[in-house]
Amino acid sequence: MRSSIDSSINTPTPLYMQKGERGIQIEESSSQVGPWPNSVGKRLFDILLAGSALIISAPLLLFIALFIRLTSRGPILFSQMRVGKNHIAFPIYKFRTMRVGQPNGPLVTSRNDSRITFAGKVLRRFKLDELPQLYNVLRGDMSLVGPRPKVVGHEHNELRCKPGLTGAATLIFAHEDRLLAQIPDEEVELFIVEVLHRIKAQVDNEYEVDSTFLTDLKILIRTPIHISGLRRPTTLQDLPGNVTAKRGPTVVAPKKGSDAEPVFFQRFPPMEQSIAAERSNTGTY
């Protein structure tokens with residue numbers, strides 16, 4: 001999956017393609033889960049809001065279903081197995097955004113993926129394809145706020161609370177497709193596994209320990225603001241170590257204002273500092 005770069009060009013290996021001492025390092029949280037994420041109060045909060053949201057959004061859900069039916073062939077809903085709390089797998093539900101009968105492509109889809117339908121592009125832009133997960137919340141598979149459910153085989157840590165429809169990591173990477181557009185196509189999946197999933201795992205660990213009713217309210221309020229694009233989306237420069245990349249030979253820039261060695265020779269700064277910086281940049285709780 002490494003990019004094909006002419007061997008005559010002395011180009012540093014992208015940071016996200018490095019292992020061991022030079023890769024992103026995260027530690028499993030040894031702290032206990034806080035009282036809120038698995039509380040009865042949070043479950044009642046989920047049932048009340050998810051049930052109300054389903055009733056209020058019923059006309060919108062019906063319109064989306066007709067939009068999908070009239071613009072492409074296939075089922076309205078799509079389901080896939082995901083991993084939730086304590087490694088328990090469950091079917092997650094979404095509005096279908098891809099064409100049926102297409103050959104299997106990469107697990108990660110870009111905004112220009114030819115398999116995405118016309119309706120799918122609109123739904124993905126505003127995350128409306130995620131609305132059927134309100135049913136997952138009512139079922140008890142998920143919560144309104146929490147770490148996102150993990151794709152089987154791609155989890156970096158065990159979730160100790162129910163996955164959420166939105167969450168702190170969702171706000172940071174609300175426009176992840178724009179971030180991935182800066183990575184060469186052949187390296188996207190590796191970048192996601194080696195960088196994004198690890199950063200999200202650290203954010204998830206902190207949510208499990210520190211979240212409260214008020215932080216959940218903040219995340220719910222800020223979610224439409226981030227999705228609408230009113231907040232500046234996260235860029236490569238915001239990531240730990242100031243990773244940058246561009247088409248062609250992939251490069252990693254030195255830290256700004258520093259005469260130190262290029263970042264690809266350095267370890268990432270402590271993840272706690274990195275996450276704090278991301279919160280400052282994106283307005284996360």
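Just so you know, all these numbers are worked out from the coordinates, no wet-lab data involved. This one's a predicted model, so the numbers in the text were calculated from it and none came from an experiment. Cβ: placed from backbone, ideal geometry, glycine included. Neighbour counts: every protein chain shown.
Which of the residue pairs Lys150/Lys200; Lys162/Lys200; Lys94/Lys127; Lys85/Lys218 have a Cα-Cα distance greater than 21 Å in the structure shown? Going by Cα-Cα distance, Lys85/Lys218 fall outside the 21 Å limit.
Couplings for region 219-234, taken from phi via the Karplus curve 6.51 cos²θ - 1.76 cosθ + 1.60 with θ = phi - 60°, read 5, 5, 5, 7, 4, x, 5, 5, 5, 5, x, 6, 9, 5, x, 5 Hz in order; Gly and Pro are left as x.
Summarising the amide proton neighbourhood of Gly164: residues at separation of 5 or more, or on other chains, whose placed amide H is nearer than 5 Å comprise Ser143, Gly146, Arg148. When the trypsin sites (Lys or Arg not before Pro) in region 27-106 are filtered for DSSP coil states and for at most 11 other beta-carbon atoms within 10 Å of their beta-carbon, the remaining sites are Arg73. Spacing of the modelled spin labels on Leu44 and Leu190, each 7 Å from Cα toward Cβ, amounts to 5.1 nm.
Taking 0.36 nm per residue of separation and subtracting the current Cα-Cα distance, fully stretching the chain between Ala181 and Arg232 would add 16.8 nm.
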